[in-house]
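Data block below; observations after.
Nothing in this text is a laboratory measurement; each read-out follows from the coordinates by a stated rule. Given the structure is predicted, the values throughout are model-derived calculations rather than measurements. Neighbour counts run over all protein chains shown; Cβ positions are idealised from the backbone, glycine included.
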């Protein structure tokens, strides 16, 4: 796993203390944490397929929003701010019947009030499966 040194402590604390979540249920495994790129894999299996044997679009969107949310969180001072999903869209361009997909999220905009992340999900051959864009609101934490 690759973690940028400037955020290493933050990420390690997150990984040690994060409660079980949807990502666990879907088998999402993080590969890289950077302020400008977050990468994770997800298996295409019974938990992530729709009834007709293909990767479920909702699973792709869950992977995309997970990556964007983590990316946005890496770019805020979590003592005072948090980032929450505002809008997400996804274009599902290629079917996947098995194996593993890899999602890569990169910021398009990292502002004081909003962040926009583009997420590319590819199959094992590097072919685009889903292209998503997620907008997050950066809000004050309630104390």
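Laid out as a table, the results:
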| quantity | calculated |
| --- | --- |
| C-alpha center-to-center spacing [the range 3-50, the range 64-95] in angstrom | 12 Å |
| Relative contact order (%) - criterion: Cα under 8 Å, at least six apart; region: the range 82-143 | 44 percent |
| Footprinting exposure proxy for 24, 4 (fewest neighbouring C-beta atoms within 10 Å first) | 24, 4 |
| Taking N as its residue count, the alpha carbon Rg of the chain over 2.2 N^0.38 Å | 1.03 |
| Tilt relative to the chain, helix 57-74 - C-alpha long axis, 0 to 90 degrees, to 10 | 20 degrees |
| Acute angle (nearest 10 degrees) that the helix 8-17 long axis makes with the longest principal axis of the chain, alpha-carbon atoms | 70 degrees |
| Average Cα contact separation per residue, the range 2-140, under 8 Å, 6 or more apart, as relative contact order % | 24 percent |
| Per-residue Cβ neighbour rank within 10 angstrom, fewest leading, 26, 55, 131 | 131, 26, 55 |
